[in-house]
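The values are calculated or read from the model by the stated rules, or taken from the named source; none is laboratory data. From a predicted model like this one, the values you see are computed outputs, not experimental measurements. Cβ coordinates were reconstructed from backbone atoms using ideal geometry, including for glycine residues, and neighbour counts include every protein chain displayed.
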Amino acid sequence: MIYSFQPYDQEGNLARAYNEHCKLVPNDDDWIVLRDADFMMLTPEYEKVMWEVVQANPMYELWTCYTNRVKCSNQIIKEMYNEPRMDVHRDKAIELYYSKRHNVKRINRVISGYLMMFQKKTWKRHPFRVGVSAFFGVDTRFSRDILKRGGKIGLMEGVYGMHYYRFNEGFNLHKNK
């Protein structure tokens, strides 16, 4: 079973919201998907593809997918970074869906958490740490904990979602490009 959430905490404590949502999942072998509110999946069968990929690759504890805008360069499709047209993002999602549907790329670094997929038993071993910043860095701390304990992170190459990520707010992560 896959349980998908877009957690929110009115006090800005994302780590607490993530933990509370993970507690709702009944079984240790169930899968949890946490997504940012500004992240949009663009193919109708993305959860089916995600299910097929994780079932075929049980050695991975944490999963993510491709996107357009994020600080972690190993998760982006570079030519999509500043693309404003939704139809172009949809075309990219469909292209990857057909060309790389079951392809997996291992990531050996921390990830951005616009989309994270993991089993409840993984969360029980690595709960989200409520610390100095209960919002910024929650995802990178979670993925760092998994890597430090020998866990593997996989990227589903056939799954792509559009990440708004401060697109029109004048914030550009790559000002020199």
When both residues are 6+ apart or on different chains and their Cβ atoms are under 6 Å apart, which pairs have a first residue that lies in segment 92-105 and is in contact (Cβ under 8 Å) with a residue 40 or more places away in the chain, and a second that is surrounded by 13 or more Cβ atoms within 10 Å (Cβ to Cβ) and assigned to a loop (DSSP other than H, G, I, E, B)? Ala93/Leu42; Ala93/Thr43; Tyr97/Thr43; Val104/Asn57
If you check Lys48, Lys121, which single one turns out to be exposed (fewer than 15 other Cβ atoms within 10 Å of the Cβ) and within 19 Å of Thr140 (Cα to Cα)? Lys121
What number of residues within segment 47-73 satisfy the criterion of being closer than 17 Å to Lys105 by Cβ, under 13 Å from the mean Cα position of the chain (by Cα), modelled with pLDDT under 95 and not β-branched (Val, Ile, Thr)? 2
Scan of segment 19-40 for residues that are touching a strand residue (DSSP E or B) at 6+ places or on another chain (Cβ under 6 Å) and under 30 Å from Pro84 (Cβ atoms), ordered by number: Val33, Leu34, Arg35, Phe39, Met40
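Filter segment 70-123 down to residues that are among the basic types (Lys, Arg) and within 28 Å of Val25 (Cα to Cα), then give me how many there are.
Of the residues in segment 70-123, 6 are among the basic types (Lys, Arg) and within 28 Å of Val25 (Cα to Cα).
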Strands (runs of 3 or more DSSP E) wholly inside segment 1-107 that include at least 2 residues being under 24 Å from Arg149 (Cα atoms): 31-35, 62-66, 104-107
Could you check segment 55-90 and list, in sequence order, the residues that are farther than 16 Å from Asp38 by Cβ, among the acidic types (Asp, Glu) and surrounded by 15 or more Cβ atoms within 10 Å (Cβ to Cβ)? Glu61
